[in-house]
1. Name every residue in the range 105-127 that is touching a helix residue (DSSP H, G or I) at 6+ places or on another chain (Cβ under 6 Å) and in contact (Cβ under 8 Å) with a residue 60 or more places away in the chain, in order of residue number.
2. Answer yes if at least one residue in the range 131-152 is modelled with pLDDT under 90, within 29 Å of ALA78 (Cβ to Cβ) and open to solvent by 60 Å² or more (accessible area, probe 1.4 Å), and no otherwise.
3. Do you know which residues across the range 106-123 are open to solvent by 40 Å² or more (accessible area, probe 1.4 Å) and within 22 Å of the chain's Cα centre (by Cα)?
4. I'm trying to understand the selection: among the residues of the range 80-101, which are touching a residue at least 40 places away in the same chain (Cβ under 8 Å) and either closer than 15 Å to ARG116 by Cβ or open to solvent by 50 Å² or more (accessible area, probe 1.4 Å) (or both)?
5. Report whether or not GLY119 is of a type outside the set (Val, Ile, Thr), assigned to a strand (DSSP E or B) and at pLDDT 95 or above.
6. Among the residues of the range 166-218, write down those that are at pLDDT below 80 and surrounded by 13 or more Cβ atoms within 10 Å (Cβ to Cβ).
7. For the range 60-116, name all the residues that are of a type in the set (Phe, Trp, Tyr) and either over 25 Å from ASP131 (Cβ atoms) or touching a strand residue (DSSP E or B) at 6+ places or on another chain (Cβ under 6 Å) (or both).
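The values are calculated or read from the model by the stated rules, or taken from the named source; none is laboratory data. Computed from a predicted structure; not experimentally measured. Methodologically, a virtual Cβ is constructed for each residue, glycine included, from the backbone with ideal geometry; neighbour enumeration extends over all protein chains shown. Keep in mind that these areas ignore ligands, DNA and RNA; they rest on the heavy atoms of the full protein, side chains included. Shrake-Rupley method; radii C 1.70, N 1.55, O 1.52, S 1.80 Å.
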Amino acid sequence: MAGLSELEARRQFAAIARDVTALQAVDFFPGKSSKQLQDLLVDAQSALNAQFSPNEPQAVHRKIPRRDVRDFQGKLWATRERMWIDRVCSAWLIRRFIDKQAKFVWLKHIKDQPKRALGFDFDGAEFSHVDSKVTFEVLLASFSLDTDIGLSRLGSLVHFLDVGGIPVAEAAGLAAIVSGIRTLQVDDDALLKHVSPMLDGLYQSYTTSERQECAKSQPTATPRVAKSAPRERR
């Protein structure tokens, strides 16, 4: 995909990923070749991110402290400009579930981060990659949002698109859409504004489908038959 624009490269990757997913869905005896194919997809995804979204943060090993959301209201948040999946989804998560009055600053250079700003998704930031978790997942854990099934499923999607791992069906489509919007919107405020409704919809879809699955798995209660009163002896 060398020489292609970001939008076209991600479109082609999305088409390949869809074909692979469809093929694996009818592969009832997956073997070594299936695993190799999946590894190649992950490598291709990583190569795309390295080309079009460089300087991704390195994971650190540490405990993730629990935070009280009440201490993080009306804050200034900072991340790298030209957001990609983890950053834009994290910004959505912050404004939607953590700090509804959040303001953002998009950094060309991380050294320009304002002292009062809370950084996310860059090396040395307050919230960034920890062990196997990407920034979105770290924020979930930090603010005790990881028990929300809809957010947890969205976290799996962000994780796959950012660092690979277990494939998610919607991943290729989301990547293509976000890259398209990013091409049209050179301003990160506009990017967040246009991506947010889509993430709202995904979250609602995940939450609704999970509730429906839980309802289906619940055993159907056997109706109780009222016992008739004993007849009086004459």
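1. Passing the criteria: TRP106, ASP121, PHE122.
2. No, the range 131-152 has no match at all.
3. Once the filter is applied, which keeps residues that are open to solvent by 40 Å² or more (accessible area, probe 1.4 Å) and within 22 Å of the chain's Cα centre (by Cα), the range 106-123 yields TRP106, ASP123.
4. Correct list: GLU81, ARG82, ARG95, ARG96, PHE97.
5. For GLY119, the condition - of a type outside the set (Val, Ile, Thr), assigned to a strand (DSSP E or B) and at pLDDT 95 or above - is met.
6. PRO167, GLU210
7. TRP77, PHE104, TRP106
For (1) among the acidic types (Asp, Glu); (2) outside any helix (DSSP H, G or I); (3) within 23 Å of ALA15 (Cα to Cα), each residue gets a yes or a no:
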residue	(1), (2), (3)
THR147	no, yes, no
ARG153	no, no, yes
PHE160	no, no, yes
ALA169	no, yes, yes
GLY173	no, no, yes
ILE177	no, no, yes
ARG182	no, no, yes
VAL186	no, yes, no
